[in-house]
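*Asks:* Mind looking over this structure? Questions follow.
The values are calculated or read from the model by the stated rules, or taken from the named source; none is laboratory data. Because the structure is a prediction, the values reported are computed rather than measured. Positions of Cβ are generated from backbone atoms using ideal geometry, with glycine treated the same way; all protein chains shown enter the neighbour counts.
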Amino acid sequence: MKISSEANGYLELRRRVQPFAYFWKTKPGLIDSFIRESDAYRRAVDGRTRPDDALAQLKSDKEFMAKLRAEKTRLQAGFVAIDPATGQVKAWVGSRDFKTDQFDHVVQAQRQGDVSVRSVQVSIRQIVLHTGIAQFPLSVNKLIPAS
């Protein structure tokens, strides 16, 4: 199949390729760590399942593993656009989908401490503190009160 500017070609290719397949195949220890960090693993161990048995059971659960892989490889980013002349926030995107991931990547994400980024981080923190905007997940069309 030829890859083209048509979306159908990419959709067909997506059906045949598992994203991150090589990554998961070469990092079995990482998979075990992710499983041990999961709520399902904690519930099993708290329910008196031996840790090794809980790990084996979850590894054999295809639905659990697919969900875990998707969750750990879902790319996320935050974006804020500030007018340099007025300081007005023009756009604020905290995550891909608030229903899926209730985490604001603009405010809550850890970042490396580059000098150029630090001033923006301080500005964002000031906006959050003075406006209370962190109390609301932002949508394209409206503010949705946090629950």
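*Asks:* Which of the residues spanning region 88-132 are more than 18 Å from the chain's Cα centre (by Cα) and at pLDDT 80 or above?
*Replies:* Result: Gln88, Val89, Lys90, Ala91.
*Asks:* Based on what the data block shows, is Ala44 touching a Gly at 6+ places or on another chain (Cβ under 9 Å) and surrounded by 13 or more Cβ atoms within 10 Å (Cβ to Cβ)? Break it down stepwise before answering.
*Replies:* Working: touching a Gly at 6+ places or on another chain (Cβ under 9 Å): no; surrounded by 13 or more Cβ atoms within 10 Å (Cβ to Cβ): yes.
Considered against the rule, which asks whether it is touching a Gly at 6+ places or on another chain (Cβ under 9 Å) and surrounded by 13 or more Cβ atoms within 10 Å (Cβ to Cβ), Ala44 comes out as no.
*Asks:* Considering each of Arg69, Arg74 in turn, give the residue that is touching a helix residue (DSSP H, G or I) at 6+ places or on another chain (Cβ under 9 Å), at pLDDT 65 or above and among the basic types (Lys, Arg).
*Replies:* Only one candidate qualifies: Arg69.
*Asks:* Determine whether Pro51 is outside the structural domain of Ala109 (by TED's automatic domain parsing), loosely packed, with under 13 Cβ neighbours inside 10 Å and in contact (Cβ under 8 Å) with a residue 40 or more places away in the chain.
*Replies:* When the stated conditions are applied, Pro51 does not pass them.
*Asks:* Look through Ala56, Ala21, Ala70, Ala66 and report the one residue that is surrounded by 10 or more Cβ atoms within 10 Å (Cβ to Cβ), over 26 Å from Arg96 (Cα atoms) and free of Cβ contacts under 8 Å to residues at least 24 places away in the same chain.
*Replies:* Ala56
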